[in-house]
1. Mind checking whether some residue in segment 448-467 is open to solvent by less than 20 Å² (accessible area, probe 1.4 Å) and farther than 30 Å from LYS358 by Cα?
2. Filtering segment 599-639 down to residues that are over 28 Å from the mean Cα position of the chain (by Cα) and under 16 Å from GLY235 (Cβ atoms), which residue is modelled with the lowest pLDDT?
3. Among the residues in segment 418-432, are any of a type in the set (A, V, I, L, M, F, W, C), over 27 Å from the mean Cα position of the chain (by Cα) and either open to solvent by 50 Å² or more (accessible area, probe 1.4 Å) or at pLDDT 90 or above (or both)?
4. Identify all residues within segment 110-120 that are open to solvent by less than 90 Å² (accessible area, probe 1.4 Å) and among the acidic types (Asp, Glu); write none if there are none.
5. Mind checking whether some residue in segment 44-66 is over 19 Å from the mean Cα position of the chain (by Cα), open to solvent by less than 60 Å² (accessible area, probe 1.4 Å) and at pLDDT below 85?
6. Considering only segment 349-381, state which residues are under 18 Å from THR452 (Cα atoms) and surrounded by 17 or more Cβ atoms within 10 Å (Cβ to Cβ).
7. Yes or no: ALA472 under 23 Å from the mean Cα position of the chain (by Cα) and open to solvent by less than 10 Å² (accessible area, probe 1.4 Å)?
8. When segment 121-142 is examined, which residues are found to be crowded, with 18+ Cβ neighbours inside 10 Å and not aliphatic (A, V, I, L, M)?
Amino acid sequence: MLSRAMIRIREMTYRVAGRVLFDAASATVPSGHKVGLVGRNGSGKSTLLRLLAGSLHLDSGEIGIDGIAGNPNAIGTVEQEAPSGDQTPLGFTLAADRERASLLERAEIETDPLRIAEIQERLVDIGAHAAPSRAASILAGLGFEEAAQNQPLSSLSGGWRMRVAIAALLFAEPELLLLDEPTNHLDLEAAMWLEMHLRAYPKTLVVVSHDRDLLNRAVTGILHLENLKLTYYTGGYDRFERVRAERLALQDAMARKQASQRKHMQAFVDRFRYTASKARQAQSRLKALERMDVVSTVATEPATVFRFPEPAVLPPPLVTFNKASVGYALGEPVLTGIDLRLDADDRIGFLGQNGNGKSTLAKLIAGRLERMSGEMHRTAKLKVGFFAQHQVDDLVLEDTATDHLARLMPDAPKDRVRARLGGVGLVQDKQTTKVKHLSGGEKARLTIALITHDSPHVLILDEPTNHLDIDARDALVQALNDYKGAVILISHDRRLLELTVDRLWMVADGTVQPFDGDLSDYAGWLRDRAKASSAKKAKPTDGEGGEAKARGNRKEMRKVAADRRKENADIRNAAREAEKALEKLTARRQTVIDKLGDPLTYEMSTKEVQALIQKKEAVDREIAAAETAWLQASEALEAAE
């Protein structure tokens, strides 16, 4: 059933401790739209979600949500406190459908045959009997194997219990789903699954996320929070970024043109105000200046930067393992048969679900865990910078960023300490602010500064982007690519991995192996594995002839796949041509934008400038049509494949 929830925000103003977060902000989100809420860290995104959920109240203005009257469960959010207790993940997820739970409870005690029939009819209407398999499927997508779905919540870690909270929310399918950085609790595999699930979500969705891939693939619009206002853009994040850049460039050009006009008019007024023959004209220009709505220049926020100190050169290899195993004291090995080599120019990403041993392998390479057996060689004087999420929580809340780094660099002058903090984007007063007053992103930057203080030869980063906004993530990509040492990444941020690593190691089944392929191949491998698992559960093969039947099935599948590729050729060609047309139009529009951004343009006649603006508007319309054609062709190809 399609969503009826439509969000209307009118002249919204809200303050926190005297600080204004929203000032007469307005926006509309149509029913059924999936929206990414973006903005700098600390701008008020999480606060807006709480305002939409009704847990906070406006200072002035109005928030209206159409289509949810009389439905107390119409708005769904993940509670900050993770679920716990003796209930299982599957039981907790099923209980999220309160109507189903209530009907089943009534069915147990009802004695009137007519009422029982009504209850059973309603259970059929809401698909109650298929609910356990649907709940199990959602939990499996978020990384829960069958055994884990049926163990007590109290036995799970906080991160896994937050996954259960997300699963319950997705299962309940509220009319308005509000998610705040949902991928922070997930590994790469679960993040990929969530992206696909949200893309198909049938109701209205507002998600706060700094995951560019999710914002490009799973949403239909971007709600941008900037300068205390809200602006809605259609399309994914890349389109939002492009359209916003064009709007800002045009606004900046118009501001420069107006400033030139004002300067010319003011000069005339100053020169002829007291000249009798020109006084009337001077007064006329003065009034025109007063009536003129000032077009402000674009106030850009300071760019985020990361700069890592350059390490000294060490002879290769930095680290080698031969048939090594690793685990924890008094326990069985987590990983065995490790045969790996790490060199100074390596850029490696770890694949594998949480719990498979990725962090254990990272600790082994960093020297924080001793091998249990096998051989290991580490080059002399090797220094490793290790980032883990718990380090952010271990910062001293009453100390400043300068205090933390100065302890590690006791002989360094203050200017050098401040420069190192500036290299991770902590500048000016942020360096002397107590940690307890820093945002999550600022604490993550400080932690990165601490682990790189001694110019390490290897950087091991375990989920470094959880608290970083998109600009900071892009800056981190640039810094890692400029860094001269080796890099090992564990991250659910697919874009970060795609732009920084050139080798993938699969951590699974108690060992580590190179993965032959890229992240697209890995996503395909995950889908194939999920399909194979589903097929195995649905149609178990046993008895004589099972192997021959399987060979026959594989042959038939290859034939079907070949036929499908042939049928898809026309669709694929249409998608390729649509993409080429869009690229040509985009290049043409950029030429016009560059012309509009040239100050010399505004020395032309008003008619010529207006014609240029009209030309851009015409190209914009062509691009909108071309984007629609490209999206339709891409969706048709994806559906066909």
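1. no
2. Just the residues of segment 599-639 that are over 28 Å from the mean Cα position of the chain (by Cα), to begin with: 599-619, 621-622.
Within this subset, residues satisfying the condition of being under 16 Å from GLY235 (Cβ atoms) are 621-622.
Details: ARG621: 79, GLU622: 82.
Looking at residues that are over 28 Å from the mean Cα position of the chain (by Cα) and under 16 Å from GLY235 (Cβ atoms), I get ARG621.
3. The initial filter retains those residues of segment 418-432 that are of a type in the set (A, V, I, L, M, F, W, C), namely 419, 421, 424, 426-427.
Retained after the next criterion (residues that are over 27 Å from the mean Cα position of the chain (by Cα)): 419.
Next, only the ones that are either open to solvent by 50 Å² or more (accessible area, probe 1.4 Å) or at pLDDT 90 or above (or both) stay: 419.
Checked against the condition, which is being of a type in the set (A, V, I, L, M, F, W, C), over 27 Å from the mean Cα position of the chain (by Cα) and either open to solvent by 50 Å² or more (accessible area, probe 1.4 Å) or at pLDDT 90 or above (or both), segment 418-432 yields at least one hit.
4. Taking segment 110-120 first, the residues open to solvent by less than 90 Å² (accessible area, probe 1.4 Å) are 110, 112, 116-117, 119-120.
Selection gives GLU110, ASP112.
5. Checked against the condition, which is being over 19 Å from the mean Cα position of the chain (by Cα), open to solvent by less than 60 Å² (accessible area, probe 1.4 Å) and at pLDDT below 85, segment 44-66 yields no hits at all.
6. First, pick out the residues of segment 349-381 that are under 18 Å from THR452 (Cα atoms): 362-363, 365-368, 381.
Within segment 349-381, ALA362, LYS363, ILE365, ALA366 meet the criteria.
7. Numbers: under 23 Å from the mean Cα position of the chain (by Cα): yes; open to solvent by less than 10 Å² (accessible area, probe 1.4 Å): yes.
Considered against the rule, which asks whether it is under 23 Å from the mean Cα position of the chain (by Cα) and open to solvent by less than 10 Å² (accessible area, probe 1.4 Å), ALA472 comes out as yes.
8. Passing the criteria: only GLY141.
The values are calculated or read from the model by the stated rules, or taken from the named source; none is laboratory data. Everything numeric in this text was worked out from a predicted model, so none of it was measured. Every residue, glycine among them, receives a Cβ derived from its backbone with ideal geometry; neighbour counts consider all protein chains shown. Surface accessibility is based on the protein's heavy atoms, side chains included, excluding ligands, DNA and RNA. Shrake-Rupley method; radii C 1.70, N 1.55, O 1.52, S 1.80 Å.
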